[in-house]
Structures are given as C-alpha cells and as structure tokens.
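Below are the structure tokens for one structure; questions will follow.
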Amino acid sequence: MSIEIKAIEFPTAHEAIQWTYASGKGEAILLGGKNYVAEQAEIDRLAAAGVAFAYLCDHEMSDGTHRIITVPVN
C-alpha cells in the first residue's frame, strides 16, 4: 500500500525537531527511515490508516544533556 502525505522532509531528526520549535508548527516524525515535519491532522490520518511511524522528541536527560528519542505508533 502506498499513501501520500503532506510533510516537509529534513536530512536529520535534529533539524526536523528544531524546525518545529522555530516555526511553532507541526510535529517531527520518522517515517520509512526519513525525517519529516507534518501537521497533527496529517499525522492522525497516518495513524488511523495503520501506518507505522514514530514521533521524534528532544528529551533532556538528568545530567542536562539532550537525546533524541522516538515514540513508535502502530
């Protein structure tokens, strides 16, 4: 099955996450090994269709360092 999405592709997860912070729009996701930013409605549509993807999150560790983590969906 093929599904089209409206999203912006980024070369790295870090760049995708930073774009969401700077623009205040969308969520960073990992889909098919690629990093995207898409609006929540588009992401909800993917989830409802059963498409496997993961949210990309910037997590601050207890020592103050940051690590990108993924939160899988489907």
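The values are calculated or read from the model by the stated rules, or taken from the named source; none is laboratory data. Quantities reported herein were computed from a predicted structural model and do not represent experimental measurements. Here the Cβ positions follow ideal geometry from the backbone for every residue, glycine too, while neighbour counts run over all protein chains shown. Protein only, heavy atoms only, side chains kept; ligands, DNA and RNA dropped before computing areas. Shrake-Rupley method; radii C 1.70, N 1.55, O 1.52, S 1.80 Å.
Considering only segment 53-74, state which residues are in a strand (DSSP E or B), without any contact (Cβ under 8 Å) to a residue 24 or more places away in the chain and not hydrophobic (A, V, I, L, M, F, W, C). Steps first, please.
First, pick out the residues of segment 53-74 that are in a strand (DSSP E or B): 53-60, 66-73.
Now restrict to residues that are without any contact (Cβ under 8 Å) to a residue 24 or more places away in the chain: 59-60, 66-67, 69, 71-72.
Within segment 53-74, HIS59, GLU60, HIS66, ARG67, PRO72 qualify.
Can you find, within segment 49-60, the residue that is least open to solvent (accessible area, probe 1.4 Å) among those that are over 12 Å from ASN74 (Cβ atoms) and under 11 Å from the mean Cα position of the chain (by Cα)? Quick ask: steps written out before the conclusion?
Looking only at segment 49-60, we keep the residues that are over 12 Å from ASN74 (Cβ atoms), and these are 56-60.
The next check asks that each one be under 11 Å from the mean Cα position of the chain (by Cα); those that pass are 56-58.
Numbers: LEU56: 18, CYS57: 45, ASP58: 55 Å².
Top of the filtered list is LEU56.
So how many residues does segment 23-48 have that are of a type in the set (A, V, I, L, M, F, W, C), more than 9 Å from the chain's Cα centre (by Cα) and open to solvent by 50 Å² or more (accessible area, probe 1.4 Å)?
Of the residues in segment 23-48, 2 are of a type in the set (A, V, I, L, M, F, W, C), more than 9 Å from the chain's Cα centre (by Cα) and open to solvent by 50 Å² or more (accessible area, probe 1.4 Å).
Same structure, new question: Give me the residue from segment 9-22 that is among the β-branched types (Val, Ile, Thr) and within 10 Å of the chain's Cα centre (by Cα) and, out of that set, farthest from HIS66 (Cα to Cα). It would help to see each step written out before you state the result.
We begin by selecting, within segment 9-22, every residue among the β-branched types (Val, Ile, Thr); these are 12, 17, 20.
Applying the additional criterion that residues be within 10 Å of the chain's Cα centre (by Cα) yields 17, 20.
Values: ILE17: 12, THR20: 16 Å.
Selected residue: THR20.
Sticking with this structure for a sec: Just a yes or no: is a residue in segment 61-71 in contact with a Gly (Cβ under 6 Å, 6 or more places away or on another chain), open to solvent by 70 Å² or more (accessible area, probe 1.4 Å) and of a type in the set (S, T, N, Q)?
Going residue by residue through segment 61-71, those that are in contact with a Gly (Cβ under 6 Å, 6 or more places away or on another chain) are none.
No; the residues of segment 61-71 include none that is in contact with a Gly (Cβ under 6 Å, 6 or more places away or on another chain), open to solvent by 70 Å² or more (accessible area, probe 1.4 Å) and of a type in the set (S, T, N, Q).
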